[in-house]
Amino acid sequence: MHLIRRGDPNLAVRSYEGLTTVVLSGELDLVLVQRVRPELDVSAREAAALTVDVRRLTFCDASGLGLLVRCARRVRSRRAAWTLLCDQPELLRLIRLAALDEVLRPSGQRGAGGPPLPRAAPPDAGGPSGRPAVPRSRPWQGGSADHLNGAPGPEPRTRP
């Protein structure tokens, strides 16, 4: 059983006896979502159990979260098993802030389908954990995101 690259360097799929694992890497943004959506749709439609491994992602935006939600809902609507492998604090926080915990049910361990998947470091791994360093996001113009951590937010602007 091998991971099979499917024409995209950011997508690998492994299937064995109805159990399918999709490994996503890189930046899960609108561009990558459009490229990998067809493959994920096929996996969500056909797999008896689907595991999506996002531990190698360096970035995920709203379109990436939307793709994961779409996939989870399709798998569960068929009463198939769904597992989202995620151990990145930044992505787990994003899932929690978007109130998607119950839909995505992220886990750091492989579900009932077997032991945890090995984490092979990509060739350009930058951090001691084997994952590339995740760049810090910049606050949007007009304020900072400190209020998400419990600090008071920026003063509201008024029109003249």
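The values are calculated or read from the model by the stated rules, or taken from the named source; none is laboratory data. This one's a predicted model, so the numbers in the text were calculated from it and none came from an experiment. When we count neighbours, we look across all protein chains shown, and the Cβ atoms used for this are built from the backbone with ideal geometry, even at glycine.
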For this session: Output yes when any residue across the stretch 18-31 is β-branched (Val, Ile, Thr), farther than 20 Å from Ser107 by Cβ and either surrounded by 15 or more Cβ atoms within 10 Å (Cβ to Cβ) or over 10 Å from the mean Cα position of the chain (by Cα) (or both), and no when none is.
Result: yes
For this session: Filter the stretch 79-104 for residues that are in a helix (DSSP H, G or I), among the aliphatic types (A, V, I, L, M) and under 23 Å from Ala47 (Cα atoms) and give the result.
Result: Val103, Leu104
Problem set entry | Top-ranked residue of the stretch 37-56 - restricted to ones that are among the charged types (D, E, K, R) and touching a residue at least 40 places away in the same chain (Cβ under 8 Å), ranked as farthest from Leu85 (Cα to Cα) | Arg56
For this session: Find the residue count for the stretch 1-47, including only residues that are part of a loop (DSSP other than H, G, I, E, B) and at pLDDT 95 or above.
Result: 1
Exercise. Considering only the stretch 58-83, how many residues are free of Cβ contacts under 8 Å to residues at least 40 places away in the same chain and over 17 Å from Arg105 (Cβ atoms)?
Worked result: 3
Seminar exercise, completed: Checked Arg35, Arg55, Arg14, Arg76 against criteria (farther than 21 Å from Leu94 by Cα and in contact with a Leu (Cβ under 7 Å, 6 or more places away or on another chain)); the one match is Arg14
